[in-house]
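Student: Okay, here's the structure, questions in a sec.
The values are calculated or read from the model by the stated rules, or taken from the named source; none is laboratory data. If you're wondering where the values come from, they're calculated on a predicted model, not measured in any experiment. All Cβ positions, glycine included, derive from the backbone under ideal geometry; neighbour counts span all protein chains shown.
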Amino acid sequence: MYLLSMFIRFLGHSSFLLEFEESCVLIDPCIHCESFGQYDRLIPSPITLNELPKVSLILITHEHEDHFDKKTIEFLVNRDGACVIAHDSVLAELNIPARCKRAVQANAKLHVRGVHVAVQIAHHPQAFYPMAYLITGDGISIFHAGDSDLVEEFSPDFSADVALLPIGGNITMDVVDAVKCTKVLKPDVVIPMHYNTFGICQASPEEFARKIEKSNLKTKPVVLAPSERYEFLLTKPIV
């Protein structure tokens with residue numbers, strides 16, 4: 001048996017830093033978004049622009065400003081030479097060099113900056129082209145569902161070691177649907193996101209964790225505070 005590890009840092013809302021051995025992946029930065037529609041931000045960003053570590057890759061699930069912080073993205077591309085993966089309609093809004101853009105659509109698969117990225121379509125009718133991502137690095141796979149609802153035909157043809165799922169309801173899965181999604185995915189660990197940042201997405205992550213713990217799943221629920229860093233460990237047999 002051998003041990004694999006990586007770190008997942010929650011930056012609030014749906015934003016995460018995935019820290020692999022040779023690559024740091026930022027998903028859906030939301031540092032400068034202070035409101036969403038009629039809703040003011042209730043939980044401020046736990047990190048400032050200058051506190052962000054060196055980032056090699058940025059993934060954007062869709063164009064809404066609570067997931068697409070253009071100021072942060074352009075800063076990191078300029079500072080770190082980060083590469084940005086997103087739909088072409090999102091990339092077109094960024095003032096960054098073409099060499100730092102990777103346009104993707106549904107079912108795309110690519111290897112960039114030391115990690116594998118597979119693209120899935122998310123069910124989020126409010127967005128133009130919503131996506132979810134399966135990121136694999138150092139032998140560990142993480143699924144970020146983006147702003148997705150749960151639809152009846154949800155039956156992904158992949159497995160993930162860690163699932164990052166929205167629980168806030170209204171425009172994404174709520175707690176109940178996120179539990180159902182976890183039962184389909186059967187990850188080792190599930191981490192809730194997209195809750196309580198704005199009034200439109202109120203939910204209890206503790207309730208979500210309790211429902212997972214009371215189910216017959218072997219999945220471990222992990223509730224992270226903003227800026228909290230979690231080490232995921234995975235034991236695999238030597239083949």
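Conditions (1) surrounded by fewer than 18 Cβ atoms within 10 Å (Cβ to Cβ); (2) within 17 Å of the chain's Cα centre (by Cα); (3) free of Cβ contacts under 8 Å to residues at least 12 places away in the same chain; (4) more than 15 Å from residue 133 (Cβ to Cβ), marked per residue:
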position: 36; (1), (2), (3), (4): no, no, no, yes
position: 51; (1), (2), (3), (4): yes, no, yes, yes
position: 54; (1), (2), (3), (4): yes, no, no, yes
position: 60; (1), (2), (3), (4): no, yes, no, no
position: 72; (1), (2), (3), (4): no, yes, no, yes
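Student: Limited to segment 106-128, what total is found for residues that are more than 17 Å from the chain's Cα centre (by Cα) and more than 26 Å from residue 6 (Cβ to Cβ)?
Tutor: Total satisfying the criteria: 3.
Student: Could you check segment 25-62 and list, in sequence order, the residues that are of a type in the set (Asp, Glu) and either touching a strand residue (DSSP E or B) at 6+ places or on another chain (Cβ under 6 Å) or modelled with pLDDT of 95 or more (or both)? Give the derivation first.
Tutor: Start the filter on segment 25-62 by keeping residues that are of a type in the set (Asp, Glu), which leaves 28, 34, 40, 51.
Within segment 25-62, 28, 40, 51 qualify.
Student: Looking at residue 113, is it touching a residue at least 24 places away in the same chain (Cβ under 8 Å), basic (Lys, Arg) and closer than 20 Å to residue 24 by Cα? Can you show your working first?
Tutor: Values: touching a residue at least 24 places away in the same chain (Cβ under 8 Å): yes; basic (Lys, Arg): yes; closer than 20 Å to residue 24 by Cα: yes.
The answer is yes for residue 113.
Student: Ok, one more. Going by the conditions given, is residue 83 surrounded by 14 or more Cβ atoms within 10 Å (Cβ to Cβ), without any contact (Cβ under 8 Å) to a residue 60 or more places away in the chain, closer than 23 Å to residue 137 by Cβ and in contact with a helix residue (DSSP H, G or I) (Cβ under 6 Å, 6 or more places away or on another chain)?
Tutor: The answer is yes for residue 83.
Student: Farther than 28 Å from residue 199 by Cα, of a type in the set (A, V, I, L, M, F, W, C) and touching a helix residue (DSSP H, G or I) at 6+ places or on another chain (Cβ under 9 Å) - does that describe any residue in segment 31-53?
Tutor: Among the residues of segment 31-53, not one is farther than 28 Å from residue 199 by Cα, of a type in the set (A, V, I, L, M, F, W, C) and touching a helix residue (DSSP H, G or I) at 6+ places or on another chain (Cβ under 9 Å), which makes the answer no.
Student: Right, here's the next one. Name the single residue that is farthest from residue 123 (Cα to Cα) among those in segment 52-93 being in a helix (DSSP H, G or I) and of a type in the set (Asp, Glu). Write out each step before concluding.
Tutor: Narrowing segment 52-93 to residues in a helix (DSSP H, G or I): 70-80, 88-91.
Next, only the ones that are of a type in the set (Asp, Glu) stay: 74, 80, 88.
On the way: 74: 27, 80: 32, 88: 18 Å.
Looking at residues that are in a helix (DSSP H, G or I) and of a type in the set (Asp, Glu), I get 80.
For every residue, the table says whether it meets (1) among the hydroxyl-bearing types (Ser, Thr, Tyr); (2) within 24 Å of residue 169 (Cα to Cα).
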site	(1), (2)
84	no, no
87	no, no
103	no, no
110	no, no
115	no, no
119	no, yes
126	no, yes
131	no, yes
136	yes, no
